[in-house]
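Where a number appears in this text, it was derived from the coordinates with a stated rule and is not lab data. Because the structure is a prediction, the values reported are computed rather than measured. Cβ: placed from backbone, ideal geometry, glycine included. Neighbour counts: every protein chain shown.
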Amino acid sequence: MRELQLLHFWLFLGIYLAALLGNGLIITAIACDHHLHRPMYFFLLNLSVLDLGSISTTVPKSIANSHWDTKAISYQACATQAFLFLFLISAEYFILTVMAYDRYIAICKPLHYGTLLGSRACVHMAAAAWGCGFLNAVLHTASIFSLPLCQGNAVDQFFCEIPQIFKLACSDAYLREVRVLVVSSCFAFGCFVFIVLSYGQIFRAVLRIPSEQRWHKAFSTCLPHLAVVSLFISTVSFAYLKPPSISSPSLDLVVAVLYSVVPPAVNPLIYSMRNHEIKDALRKVMTGCFLDGIKNLLSSA
Ligand SMILES: *[C@@H]1O[C@H](CO)[C@@H](O)[C@H](O)[C@H]1NC(C)=O
């Protein structure tokens, strides 16, 4: 239906622009303000870069499709999209795990912060997150795109999503991808337990402080983080692990939007909402950073 297509077009365009704006602001604030050159903000920078990347692999193509009323994607483009999306989204999940660890150490073991999260350790952890994401994406894309496909070539989704391509595979080729899925799920579940335990420890530590204002601040900061991570992990598990019998196109669509489009758009809000340093940095950026940059450029030219 043309009306639905237009709705899809405007909705996705709006969400995409919001994600560009939010993540762009965070990246600019952290890059420009030297006070924010600390581990917590470097991880937030990683998160924003990954958010921008992951939403840019799927949504613009889908916007263009609905605008030009086409559904075509080449096999190579489909494989590239599936790979990049999986890489960025899994790296993002690992960065969220590292961020939970960072907050846990900062709040519960502040005296060890300097030794446990020195600049080398942070670079290693960030590199590990990107590396694990890359490895996960290679494993899944290689195993799914080497399967013989014999159920047609219609991917029932707004991007090349692995479970939808899986549906097109000949039924006797399942086992290899199932093995990869089991390994990834164990890792993802492990990270989730780690995140929940970290925030649990944070809540426990905060509750020992006899100040209701602090409690309020801690809970209103951490609960949204947990909510986003839980939404992400539950929708991803549903998309990848559900039996094929309970799939319907509209349900699949909603679930895919919830894990691939919503988190990159709301993360900037969730992770900087109650953060005064970011807000101050942004205010400064608006007034000074661009001018300084231009001055530097001119003087070095
Ligand atoms: C990611 O985080 C690491 C560790 O803090 C930092 O060195 C690196 O510059 C960050 N990379 C990006 C792209 O944000």
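List of remarks:
- Calculated FRET value between His67 and Leu269, using beta carbons and R₀ = 25 Å, to 0.05: 0.40
- Candidate cross-link partners of Lys242 among the lysines, defined by an alpha-carbon separation under 20 Å and a same-chain spacing of 8 or more, comprise Lys167.
- Using alpha-carbon coordinates, inclination of helix 262-272 to the longest axis of the chain, degrees: 0
- Ellipticity at 222 nm from helices only: DSSP H runs of n ≥ 4 in the chain, each -39500 (n - 2.57), divided by the residue count, give -27500 deg cm²/dmol.
- Applying 0.36 nm per residue to the separation of His35 and Phe194 and subtracting their alpha-carbon distance, the gain on full extension is 54.3 nm.
- Computed E for Val138/Cys170 - FRET, C-beta separation, R0 25 angstrom, nearest 0.05: 0.65
- Per-residue HN-Hα couplings for the stretch 224-231 [Karplus 6.51, -1.76, 1.60; θ = phi - 60°; Hz; x = Gly/Pro]: x, 4, 4, 4, 5, 5, 5, 4
- Estimated dipole of the chain in Debye, rounded to 20 [Cβ of Lys and Arg +1, of Asp and Glu -1, Cα centre]: 760
- Separation of alpha-carbon centers, the stretch 228-287 and the stretch 160-215, rounded to whole Å: 14
- Crossing angle, helix 2-32 versus the chain [Cα axis fit, 0-90 degrees, rounded to tens]: 30
- The chain: most fluctuating residue of Ser66, Ser198, Ser146 per GNM, C-alpha cutoff 10 Å: Ser146
- Extent along principal axes [Cα atoms of the stretch 2-300; Å; largest to smallest]: 59, 47, 37
- A simple rule links phi to the HN-Hα coupling: the Karplus curve 6.51 cos²θ - 1.76 cosθ + 1.60 with θ = phi - 60°, which for the stretch 133-143 gives x, 4, 4, 4, 5, 4, 4, 5, 5, 4, 6 Hz, with x for Gly and Pro.
- Ranking of Met125, Met99 by neighbouring Cβ atoms within 10 Å, starting from the fewest: Met125, Met99.
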